[in-house]
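Quick notes on the structure that follows.
Every number in this text was worked out from the coordinates using simple rules, so none of it is lab data. Not measured: the values here are computed from a predicted model. Every residue, glycine among them, receives a Cβ derived from its backbone with ideal geometry; neighbour counts consider all protein chains shown.
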Amino acid sequence: MAMIDPILYSFRRCPYAMRARLALLVSATTCEIREVKLSQKPAELIAASPKATVPVLVLPGGGVVEESREIMAWALAQRDPEGWLDREDRNLIEMNDGPFKHHLDRYKYPERHGSQPGEHRAAALELLRGLEARLALQTNLCGDLRGLTDAAIFPFVRQFAETDRAWFDAQPLPHLQAWLARHLASELFAAIMLRLQPWQPEDAPILFPAG
């Protein structure tokens, strides 16, 4: 049977997968979602993308989109009802995906990296001060309306905040904290955080967005 919808391999808590799901949802792109247990990656995922990291989007024509930012761009190229592509700051996203993610990983997982978590927390916080300064002037990162930049970055700020929430909430970052809270409380975020059992080949397809 030919594929009708794209297949998205995802993991609920992965920030890269979160931002891919955000763009797919806001663009109203229907796909079959397959939740991946990272310790038991399905053979179908590895066959589609040997790097086997989520998210991966398998297109009906057989193409494979393997990077979260590329999935966002692909989805928004189909439909972009909120004009997210008009609010894309590539330099800011590169800062998030490069230096900030580097320090985030070494703060959150010091045993994995053999790192000093306090040093990396401080370095990440310095980068967040740049976002705080920007958000002091506008509601979102590229203006008053949410856009691609916000969706690409806030899942990572969420992960940083949740590493030690009491400490994060005590920092003098009122605009960043309010921005994060708004995005976490949005209907869009609630809709992408559906809980699914790890996918098995015999499972009936689950469509995303639901309904």
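Hey, with R₀ at 25 Å, roughly what FRET efficiency would ILE46 and ALA204 work out to, going by the Cβ-Cβ distance, to 0.05? Intermediate results must be reported in sequence, preceding the final value.
Details: r = 22 Å, r/R0 = 0.88.
In this case the efficiency is close to 0.70.
Just add up the charged neighbours of ARG87: K/R +1, D/E -1, any other residue whose Cβ is under 13 Å from the Cβ of ARG87. Please report the intermediate quantities before stating the final value.
Details: positive: ARG90, ARG134, ARG146; negative: ASP80, GLU82, ASP86, GLU88, ASP89, ASP144, ASP150.
Summing Lys and Arg as +1 and Asp and Glu as -1 gives -4.
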TODO: Would you mind checking the tilt of helix 148-163 against the longest principal axis of the Cα atoms of the chain, expressed as 0 to 90 degrees and rounded to 10?
DONE: 70 degrees
Task: Paramagnetic reach from THR163 (point 7 Å along Cα→Cβ, amide N under 20 Å) across the range 111-153 - done: 111-133, 152-153
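Give me Rg/Rg_expected for the chain, where Rg uses Cα atoms only and Rg_expected = 2.2 N^0.38 Å with N residues.
1.04
According to the Kirkwood expression over distinct Cα-Cα pairs, how big is the hydrodynamic radius of the range 91-211, in Å? Walk me through the intermediate numbers first.
Working: mean 1/r = 0.0628 Å⁻¹.
After inverting the mean inverse Cα-Cα distance, the result is 15.9 Å.
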Open item on the list: How tilted is helix 117-135 with respect to the longest principal axis of the chain? Cα atoms for both, answer in degrees (0 to 90, nearest 10).
Closed with: 90 degrees
Open item on the list: Please report the net charge: other residues with Cβ closer than 11 Å to the Cβ of HIS103, K and R +1, D and E -1.
Closed with: +1
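Can you compute the charge dipole magnitude of the range 50-94 about its Cα centre, using +1 on each Lys and Arg Cβ and -1 on each Asp and Glu Cβ, nothing else charged? Give it in debye, rounded to the nearest 20. Can you show the working numbers first?
Numbers: 5 positive and 9 negative charges, 36 e Å.
Using Cβ point charges on Lys, Arg, Asp and Glu, the range 50-94 gives about 180 debye.
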TODO: Measure nothing but the geometry: give the 0 to 90° angle between the long axis through the Cα atoms of 15-26 and the longest principal axis through the Cα atoms of the chain, rounded to 10°.
DONE: 70 degrees
TODO: Starting from the Cα gyration tensor of the range 149-192, take the square roots of the eigenvalues, sort them a ≥ b ≥ c, and report rounded, prolate or oblate (rounded when a/c is under 1.5, otherwise prolate if a/b is larger than b/c, else oblate).
DONE: prolate
Open item on the list: Around ALA136, under 14 Å between beta carbons, what's the net of Lys plus Arg minus Asp minus Glu among the other residues?
Closed with: 0
TODO: Could you grab the relative contact order for the chain? Cα pairs under 8 Å, six or more apart, rounded to a whole percent.
DONE: 27 percent
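For the pair LEU38 and MET95, what calculated FRET efficiency results from E = 1/(1 + (r/R0)^6), where r is the Cβ-Cβ distance and R0 = 22 Å, to the nearest 0.05? Don't skip to the end; give the middle numbers.
Values: r = 26 Å, r/R0 = 1.18.
Given R0 = 22 Å and the Cβ-Cβ separation, E is 0.25.
Between rounded, prolate and oblate, where does the range 1-114 land on the alpha carbon gyration tensor, with a ≥ b ≥ c its root eigenvalues, rounded for a/c under 1.5, else prolate if a/b exceeds b/c?
On the way: a/c = 2.35, a/b = 1.17, b/c = 2.00.
It comes out oblate by the Cα gyration axes.
Rule-of-thumb check for the range 16-58: C-alpha Rg over 2.2 N^0.38 Å? Walk me through the intermediate numbers first.
On the way: Rg = 10.9 Å, N = 43, 2.2 N^0.38 = 9.2 Å.
For the range 16-58, the normalised Cα radius of gyration is 1.19.
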TODO: Return a whole-number percent for the relative contact order of the range 84-189, with Cα pairs under 8 Å and 6 or more residues apart as the contact set.
DONE: 29 percent
Task: Point-to-point label distance, GLU187-HIS175, nm (Cα→Cβ direction, 7 Å offset) - done: 2.8 nm
